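Here is the structure we will look at, set down as C-alpha cells.
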Amino acid sequence: IFCIIYFVSLYIIFSYLPEFNTIKTVGKYQFFIYATHLFILSLFKKTVRIVFPNNSVLALIAYLCAPIFTIITACFIGNLMSKKVPKLYKILVGGR
C-alpha cells in the first residue's frame, strides 16, 4: 500500500511542475544520493527523535517525509559541492 501511495503522490507532485526539471536534477545526482542517503537519513531520524516527543502520528509523518527530505538535502549538498569543490565531488562520485 505504501508503494502505491508513494508513486501516486510522486505523480501528482510532478504533474504540477511545468517541466520535469526535478527529475533531471535528481538524475544528475543519483550516485551522490545513493552514496550519502544513509548518513542523511540517520541524521534526520535522530533529529526527529530528539526534537519531537514519542508520538505515533509524528512518527508516521516523519516516516513519510524522510525520503523527500533525504533526496532534497542530498541534491542540495551535491549541487553545492559540485560548484564549490568540484575536484572533491568528482572523487566522491567517481567522475560520474
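Quick notes on this structure:
- In the context of the full set of protein chains, residues of the chain present 81 Å² of accessible surface per residue (probe radius 1.4 Å, heavy atoms only).
- The fraction of accessible area contributed by carbon and sulfur in the chain is 73 percent, rounded to a whole number (1.4 Å probe; ligands and nucleic acids excluded).
- Positive-end residue of Tyr6, Leu60, Ile72, charge dipole of the chain with Cβ unit charges: Ile72
- In this Cβ point-charge picture (+1 for Lys and Arg, -1 for Asp and Glu), the chain has a dipole of about 460 debye about its Cα centre.
The values are calculated or read from the model by the stated rules, or taken from the named source; none is laboratory data. Being a predicted model, the structure only gives us computed values, none of them experimental. In this analysis, Cβ positions are derived from the backbone assuming ideal geometry, glycine residues included, and neighbour counts consider all displayed protein chains. Accessible surface is based on the protein model in full, side chains and every heavy atom, while ligands, DNA and RNA are left aside. Shrake-Rupley method; radii C 1.70, N 1.55, O 1.52, S 1.80 Å.
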